[in-house]
Each structure stands twice: as C-alpha cells, then as structure tokens.
Amino acid sequence: MHIAEGVLSPTECAVWYAAAAPFVIHGAREVIRQVRDHPENKLLLATAGAFTFVLSAIKLPSVSGSSSHPTGTGVGTVLFRPPVMAFLGMIVLIFQALLLAHGGISTLGANTFSMAIAGPWVGYGFYRLTKRLGGPDALAIFLCMVFADFSTYCVTSFQLAIAFPDPNTGIMGAAGKFLGIFAITQVPLALAEGVLGILLFRFLAKAAGPQLRALGVLSGGPEPATDLPVKESADV
C-alpha cells in the first residue's frame with residue numbers, strides 16, 4: 001500500500017498533503033484533549049499506535065509482484081474514533097518512511113489519507129452500523145478491522161489511477177487494474193486482521209475493562225459502581 005518516494009508528481013503530493021492536513025490537525029487536537037482529560041487512557045493510546053506500527057510494517061509479497069500488508073488502524077478507530085487515528089497513523093507512517101523505507105516523505109500526504117483517514121472512517125462506519133443494529137461487539141470490531149484495511153487499498157488504487165490513468169479506459173479502468181493487483185492478497189489479510197482484532201480486544205477487556213466500558217467499546221456502558229467480572233458485561 002505505501003506509495004513509494006518518487007511515484008507521484010510534486011503537484012499530486014502537494015494536493016494529498018493539503019487534503020490530509022485538516023484531518024491530521026484535528027486529530028492532534030483530539031489526542032491532546034484525550035491525554036489531558038483522560039490520562040488513564042495513555043496506555044491504550046500507545047497500544048493503538050504500536051499495533052498500527054507493527055501490523056503495517058509487515059510487508060508481504062502479492063501474487064502479482066507488488067506487496068501488501070495489514071494496516072492495524074481499526075484498533076485505534078474503535079478505541080478513540082477516526083480523528084485520533086489520523087494523527088497516530090501519520091506518526092506511524094513517518095517512522096516507517098524514515099526507518100523502514102516503507103512509503104516516503106513526499107508521498108506521506110497520500111499514504112496518510114488512504115491508511116490513516118479514509119480507512120478508519122470507512123471502518124468506523126461499519127462499526128457504528130453494526131452497533132446500531134444491535135450486533136455483538138465482536139462482529140462490530142471484526143467489520144471495522146476488515147473494512148478499515150481493505151478500503152485503504154481501494155483508496156490507494158484510485159490515488160495511483162489518478163496519477164497513471166489508463167490510455168483507453170481512463171481513471172476507472174486504471175483503478176480496476178490497480179485494485180486487482182492488491183485484492184487477491186488483501187482480502188485474506190483483511191479477514192485475518194479482523195480475527196486478530198477480536199483476540200486483541202478480548203485481552204484488553206480483561207486488562208483494561210473499565211477503560212473500555214468508559215469509552216463505550218464494551219456493551220454495558222460506563223463501569224458500574226460494583227466491580228463485576230468483565231465477562232458478565234462484555235461480549236467480545
């Protein structure tokens with residue numbers, strides 16, 4: 001997914017930087033507010049950032065000759081909502097560009113928009129819809145993880161299609177070709193990420209149940225006065 005240095009023109013890089021900037025600035029403010037108002041959630045913020053960094057650093061060869069990787073943004077999306085992930089995701093992408101040569105600084109705006117903005121918002125839409133329809137927490141988390149991952153690659157496909165339109169079929173034709181490069185590898189990766197997300201939240205429900213209930217992640221609302229076992233109020 002990471003669009004490498006030099007792939008996009010300077011104009012395209014500038015456009016994607018401009019598109020991502022408002023989301024990242026708002027996300028930075030949300031992170032500051034979260035740390036100031038809820039210092040007990042600092043470890044969960046760190047967990048969300050670390051999970052995104054580790055998963056998105058896993059680079060797997062695609063059957064078509066390109067490469068794919070999980071994104072990990074669904075965890076922070078569920079915990080702290082998409083605005084926070086815009087900032088955390090950008091920080092992750094900066095470290096990966098500088099330390100791992102994944103992506104680039106010139107293409108940071110485009111990569112941030114696809115992985116840290118579009119992906120989390122799409123995943124969050126499925127999460128909220130599932131919760132509103134009365135679905136279990138585990139299903140809501142699974143769908144958020146899966147679609148935050150897969151939609152990132154859909155957006156990247158369109159970013160590349162805009163940069164390299166097909167001579168005959170234009171942007172839409174090119175987008176279909178780019179998506180086809182990733183899809184065979186990315187669908188099972190997204191599903192695996194969804195399962196991993198459920199396992200992680202089961203651990204977090206035991207380790208940080210009160211914080212998760214206060215954040216509204218676990219069914220049952222804020223932590224009650226009596227100290228009930230996590231499994232009685234959580235269906236993750």
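The values are calculated or read from the model by the stated rules, or taken from the named source; none is laboratory data. All of these numbers come straight from a predicted model, not from anything done at the bench. Note: ideal-geometry Cβ built from the backbone for every residue, glycine included; neighbour counts use all protein chains shown. Ligands, DNA and RNA are stripped out before the accessible areas are found, and what is left, the full protein with its side chains, is counted by its heavy atoms. Shrake-Rupley method; radii C 1.70, N 1.55, O 1.52, S 1.80 Å.
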- Query: Can you give the accessible area of residue 17 in Å² (nearest 10), computed on protein heavy atoms with a 1.4 Å probe?
  - Reply: 90
- Linear extension gain, residue 206 paired with residue 29, 0.36 nm per residue minus alpha-carbon span: 60.8 nm
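Show me the helices of the chain, taken as full DSSP H stretches, that run 24 Å or more along their long axis by Cα and average 0.0 or above in Kyte-Doolittle hydropathy. Kindly include the intermediate steps, with their values, before the conclusion.
Working: long enough: 10-37 (39 Å, 0.17); 137-163 (39 Å, 1.52); 170-207 (51 Å, 1.44).
Both cut-offs are met by 10-37, 137-163, 170-207.
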- Message: Classify the stretch 1-47 from the C-alpha gyration tensor, please: rounded if a/c falls under 1.5, else prolate or oblate depending on whether a/b exceeds b/c.
- Response: oblate
- Around residue 26 (Cβ within 15 Å, Cβ-to-Cβ, excluding residue 26; K/R +1, D/E -1) the net charge comes to +2
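Given +1 on the Cβ of Lys and Arg, -1 on the Cβ of Asp and Glu, and no further charges, what dipole in debye does the chain carry about its Cα centre, rounded to the nearest 20? Each step should come with its number before you reach the end.
Working: 14 positive and 13 negative charges, 43 e Å.
Value, rounded to 20: 200 debye.
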- When the chain is modelled as a GNM with alpha-carbon springs shorter than 10 Å, which of 87, 164, 147 fluctuates the most? 164
- Message: Using amide H atoms built in the peptide plane, which far-off residues or other-chain residues are under 5 Å from residue 68 H to H?
- Response: 60, 62
- Message: What number comes out for accessible area per residue over the chain if the probe is 1.4 Å? Units Å², please.
- Response: 45
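With a 1.4 Å probe and all protein chains in place, put 172, 115 in order of accessible area, largest first.
Numbers: 172 130, 115 0 Å².
Heavy-atom accessible area, descending, gives 172, 115.
Leaving out ligands, DNA and RNA, and with a 1.4 Å probe, what % of the accessible surface on the stretch 10-218 is carbon or sulfur? Don't jump to the answer; show the numbers that get you there.
Working: 6700 of 9040 Å².
That share works out to 74 percent.
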- Message: Restricting to DSSP H runs of at least four residues, report the calculated mean residue ellipticity at 222 nm for the chain, -39500 (n - 2.57) per run over all residues, nearest 500 deg cm²/dmol.
- Response: -22500 deg cm²/dmol
- Task: For the stretch 95-218, count the residues as N, evaluate 2.2 N^0.38 Å, and divide the Cα radius of gyration by that value, please.
- Result: 1.24
